[in-house]
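Undergrad: Before I ask anything, here is the structure I am working with.
The values are calculated or read from the model by the stated rules, or taken from the named source; none is laboratory data. All values derive from a computational prediction rather than experimental measurement. Here the Cβ positions follow ideal geometry from the backbone for every residue, glycine too, while neighbour counts run over all protein chains shown.
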Amino acid sequence: GDTIEIKKGLAGVTADRTAVSKVNVETNSLLYRGYPVQELASTQPFESVVYLLWHGDLPSKVQLKDFMRRERVQRALDPAVVAVIDGLSEAAHPMDVVRTAVSVLGADDADAWNNEPEAVSAKALALFAKLPTVVAHIQRRHRGLEPIAPRNDLGYSANFLWMTFGEEPDEVARKAFDVSMTLYAEHSFNASTFTARVVTSTLSDYYSAVVAAIGALKGPLHGGANEAVMRTFDEIGAPANVVPWLEDALEHKRKIMGFGHRVYKRGDSRVPTMKAALDTLVDHYGRADIAEMYAALESEFVSRKGIYPNLDFPSGPAYHLLDFDTDVFTPIFVASRVAGWTAHIQEQLADNSLIRPLSAYDGVAERHIDGYVADK
Ligand code: CMC
């Protein structure tokens, strides 16, 4: 009988509880530990947001200072990690390089399998501190440039941009980047976070969960969309081309990257904040063409399909204006989302149950080996 109800893609399935974040579809809002994300993005440095996600409350001044100090002193990469990165093909996708770098960090950590909360926190802070160094290294290697060492006197985002471009960012660039990091940090049971929880649920180790999550984030239906959005902008080329491009894309049943969401059906709560940050960059760099393409593609697609932009739609062109290469956009997402993955890994460990759903078999009916004859 076919009475089993299949929830394809686990759509609409509530798989567990979480205290980390709440997505409210009705009000198009996203709360991190109770705080609306747009309030956090406009008032708090990314480091405070990460502290909040990991500890449940915003830090006191003393707590933040200590957190920042511990982050700053762990930014440098071990030569063994650098050697592995530099040994990979220059053609390797930056997401594959980041995934490999995290795997190397795990293999080099003698205490990798220690899942005590304090041990996981220590690993997470070290990884959080090092990921920008990895991403900046990859970006510079792509451009044939020597890596730049991290600077202890700069905050997370300023140092990230410093190591990437070799210049201290101005406040507009730093703030827009910092806002994007806060917005990307956490989003309940998205595919990569759920992947991290599945791996953790087997009582595997922290690094394995993060490596698996990076693999899930890479896909264009998830984090890879920020990269895909920029490729769309490049393909369109100029605002006047939006309508013919879109008509052709729709005729060929192409997905328009940076639009649609499994949970939000009337707009992504993070978009207005990121769009405002993108607008500051558009003004700053005098790139009205980007804003026009954005507006034209949004209004044309929304009016034709009623499908709204997601966070990747404004963040893709924002990273482009900051001068990142398109294929490092998703690694930047990794550097941020590791904050959310970590909070969920800790939550999973604190109240673990192996994640192991069922499947409804619809293959060939039972048969027996004595009827099998191998070809000669
Ligand atoms: N372009 C064209 N059609 C779309 C799009 C899109 N971006 N998104 C949804 N649709 C259509 C889809 O083809 C389907 O049409 P029909 O019913 O005629 O077959 C209908 O809308 C429902 O879509 P769905 O794919 O069943 O919805 P879903 O909840 O499974 O998919 C999604 C959500 C994010 C996978 C999808 O919207 C998509 O592929 N978007 C483009 C990729 C993207 O931007 N991903 C980023 C997601 S959010 C942030 C992040 O994770 O980084």
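Undergrad: Which condition from (1) assigned to a loop (DSSP other than H, G, I, E, B); (2) crowded, with 24+ Cβ neighbours inside 10 Å is the one that Arg356 breaks?
TA: (2)
Undergrad: Quick one: how many residues across segment 122-132 are over 16 Å from the mean Cα position of the chain (by Cα) and crowded, with 22+ Cβ neighbours inside 10 Å?
TA: The number of residues fulfilling the criteria is 1.
Undergrad: Also, I was wondering about something else. Does Leu281 count as surrounded by 22 or more Cβ atoms within 10 Å (Cβ to Cβ), closer than 30 Å to Tyr51 by Cβ and not assigned by TED's automatic domain parsing to the domain that holds Val97?
TA: Answer is yes for this residue.
Undergrad: Could you list all residues from segment 300-353 that are more than 11 Å from the ligand (Cβ to nearest atom) and not in a helix (DSSP H, G or I)?
TA: Those that are more than 11 Å from the ligand (Cβ to nearest atom) and not in a helix (DSSP H, G or I): Leu322, Asp323, Phe324, Asp325, Asp351, Asn352, Ser353.
Undergrad: Related question: Kindly list, by first and then second residue, each pair from a residue in segment 153-166 that is within 16 Å of Arg70 (Cα to Cα) to a residue that is among the basic types (Lys, Arg), limited to pairs with Cβ atoms under 6 Å and residues at least 6 apart or on different chains.
TA: Within 6 Å, the pairs are Ser157/Arg174; Asn159/Arg151.
Undergrad: A follow-up question, please. Take Gly286 and decide whether it is at positive phi, at pLDDT 95 or above, more than 16 Å from the ligand (Cβ to nearest atom) and surrounded by fewer than 21 Cβ atoms within 10 Å (Cβ to Cβ). Outline the logic, then answer.
TA: Numbers: at positive phi: yes; at pLDDT 95 or above: yes; more than 16 Å from the ligand (Cβ to nearest atom): yes; surrounded by fewer than 21 Cβ atoms within 10 Å (Cβ to Cβ): yes.
Here the answer is yes, as Gly286 does meet what is asked.
To keep it simple, each residue is scored yes or no on (1) of a type in the set (Phe, Trp, Tyr); (2) crowded, with 19+ Cβ neighbours inside 10 Å; (3) touching a residue at least 40 places away in the same chain (Cβ under 8 Å).
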{"residue": "Gly9", "(1), (2), (3)": "no, no, yes"}
{"residue": "Thr18", "(1), (2), (3)": "no, no, yes"}
{"residue": "Ala41", "(1), (2), (3)": "no, yes, yes"}
{"residue": "Ser48", "(1), (2), (3)": "no, no, no"}
{"residue": "Leu53", "(1), (2), (3)": "no, yes, yes"}
{"residue": "Val62", "(1), (2), (3)": "no, no, no"}
{"residue": "Asp66", "(1), (2), (3)": "no, no, no"}
{"residue": "Ala80", "(1), (2), (3)": "no, no, no"}
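Undergrad: Return yes or no: is Arg99 of a type in the set (D, E, K, R), part of a loop (DSSP other than H, G, I, E, B) and surrounded by 17 or more Cβ atoms within 10 Å (Cβ to Cβ)?
TA: no
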